[in-house]
Every structure is written in C-alpha cells, then in structure tokens.
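Here is the structure we will look at.
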Amino acid sequence: MRDPLKILLLILTLVSCKNQTETKSELTKETAELTIEIPQMELQQTDSITKQWYFMVFEKGGCLGGTQYVTEKKREIPTMVFSEKEWKKFAENDKTKLTEFLISKLSDTTKTKVHTCPFFGATNGEMAVYSLQHIHNINWLEFSEFKEYKDREYGNATDQPQMWLQNILKDETKRNKLAELYRNELKK
C-alpha cells in the first residue's frame with residue numbers, strides 16, 4: 001500500500017521540478033538580457049540583502065527538492081535553489097545581518113515562487129527558516145526545543161515537515177523561540 005503512494009509522490013516531484021526548470025530557463029534568459037542592458041556598476045549599487053531576497057524568492061523562485069534541510073553530505077544539485085549562484089552570493093553577506101533579516105521574515109505567510117517537493121509552495125517565513133538552516137548549518141528540528149518533530153512520522157500531505165514548520169511560524173511563542181535559537185547560533 002505504501003509503494004503506490006511513494007510512486008505517486010515521486011511522479012509529482014518530477015513533474016513539479018520539471019515545470020520549475022522550464023520557467024527557470026526562461027527567467028535566466030530574461031535576466032541575462034537585462035544584465036547586458038544594465039551597467040555593472042549599477043548592479044552592484046542595488047545588490048542589497050532585501051533586493052537579493054526579493055529576486056530569489058518572489059521573482060526567480062525554483063525547486064527545493066529536499067535540499068532545504070542541511071545534511072552531513074552537502075548535495076550540489078544545479079537545478080535546486082540552494083545550489084544556484086544567487087543563493088551562494090546571498091549567503092556571502094554578513095552572517096549577523098543575514099540572520100536578523102531572515103528572522104524579520106519569519107511571520108510572513110506570503111507565498112513565494114519556491115516549491116518544496118513534493119508538497120506546496122513555500123511561504124516567505126518558511127524560506128527564511130530554510131535559509132537560516134543553511135547559513136548556520138543546523139536544521140530547525142535539530143534544536144532540543146523542536147526535537148519532537150525530528151523522528152515524527154509523516155501522516156499525509158498536511159501532516160509533514162513543511163506544515164509542521166508553517167504551524168510553528170504561525171505561533172508567536174514558538175516563532176520567537178526559533179528566532180532566539182538562531183540568534184544564539186551567532187554567538188558560537
């Protein structure tokens with residue numbers, strides 16, 4: 001009974017990521033054309049953390065394909081969001097500024113153009129957490145305060161890590177705790 005479900009989820013993932021890749025190639029072409037038109041000096045002046053973030057999550061988007069979580073073995077998959085050059089450039093910003101910027105996004109439930117295979121589009125707050133995970137090299141469910149989720153089994157499409165995280169972000173107390181934990185990572 002579980003195998004047909006796994007096959008269905010795999011098919012949905014592949015279809016979803018394929019559609020994201022096609023859209024991504026169109027955006028890449030447009031971006032390349034715009035880059036030619038805009039002098040390099042002007043690009044550097046508008047390269048703020050806010051503008052980088054807006055471009056990555058609301059304009060460009062992409063597919064996470066499971067790479068939202070940090071693992072011992074770093075996976076570089078060129079078509080996945082955290083392997084792209086924009087994300088790498090974003091991560092080069094000052095770690096303290098990035099952390100504070102991303103924490104300021106945690107309560108934002110606006111849908112982004114980033115897809116979390118095989119489920120739903122990510123919210124802005126959710127993307128902030130995934131980014132914090134990569135910047136600090138620790139997943140939200142690794143913190144002792146959220147360990148209950150680490151080994152929890154998936155129930156269905158609405159009972160899985162993406163939804164658990166979205167529910168945590170909706171709860172002000174839990175959201176503030178998560179923010180505090182990532183701020184504490186700066187002190188290490």
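The values are calculated or read from the model by the stated rules, or taken from the named source; none is laboratory data. Worth saying up front: this structure is predicted, and the values here are computed from it rather than measured. Counting neighbours? That spans all protein chains shown, and the Cβs are built from the backbone with ideal geometry, glycine included. Note: areas computed on protein heavy atoms with side chains; ligands, DNA, RNA excluded. Shrake-Rupley method; radii C 1.70, N 1.55, O 1.52, S 1.80 Å.
Yes or no, residue by residue, for (1) in contact with a Ser or Thr (Cβ under 9 Å, 6 or more places away or on another chain); (2) more than 27 Å from I168 (Cβ to Cβ); (3) modelled with pLDDT under 55:
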residue: D3; (1), (2), (3): no, yes, no
residue: K18; (1), (2), (3): no, yes, yes
residue: E30; (1), (2), (3): no, yes, yes
residue: D47; (1), (2), (3): no, yes, no
residue: F58; (1), (2), (3): yes, no, no
residue: G65; (1), (2), (3): yes, no, no
residue: K73; (1), (2), (3): no, no, no
residue: K85; (1), (2), (3): no, yes, no
- Pick out the one residue from E72, E76, E100 that is open to solvent by 40 Å² or more (accessible area, probe 1.4 Å) and closer than 23 Å to A179 by Cβ. E100
- Query: Mind checking which pairs have a first residue in region 104-123 that is closer than 11 Å to L64 by Cα and a second that is assigned to a loop (DSSP other than H, G, I, E, B) and not aliphatic (A, V, I, L, M), Cβ under 6 Å, 6 or more apart or different chains?
  - Reply: K113/G61; V114/G61; C117/G65; A122/T116
- Query: Before we move on, is Q166 within 16 Å of the chain's Cα centre (by Cα), assigned to a helix (DSSP H, G or I) and farther than 24 Å from K95 by Cβ?
  - Reply: yes
- Picking from E142, E153, E148, E126, the residue that is surrounded by 13 or more Cβ atoms within 10 Å (Cβ to Cβ) and without any contact (Cβ under 8 Å) to a residue 24 or more places away in the chain would be E142
- Return yes when K170 is of a type in the set (D, E, K, R), modelled with pLDDT of 95 or more and open to solvent by 50 Å² or more (accessible area, probe 1.4 Å) and no when it is not. yes
- Query: Looking at (1) open to solvent by less than 70 Å² (accessible area, probe 1.4 Å); (2) within 13 Å of the chain's Cα centre (by Cα); (3) within 20 Å of C63 (Cβ to Cβ); (4) not acidic (D, E), which is the one condition that is false for L106?
  - Reply: (3)
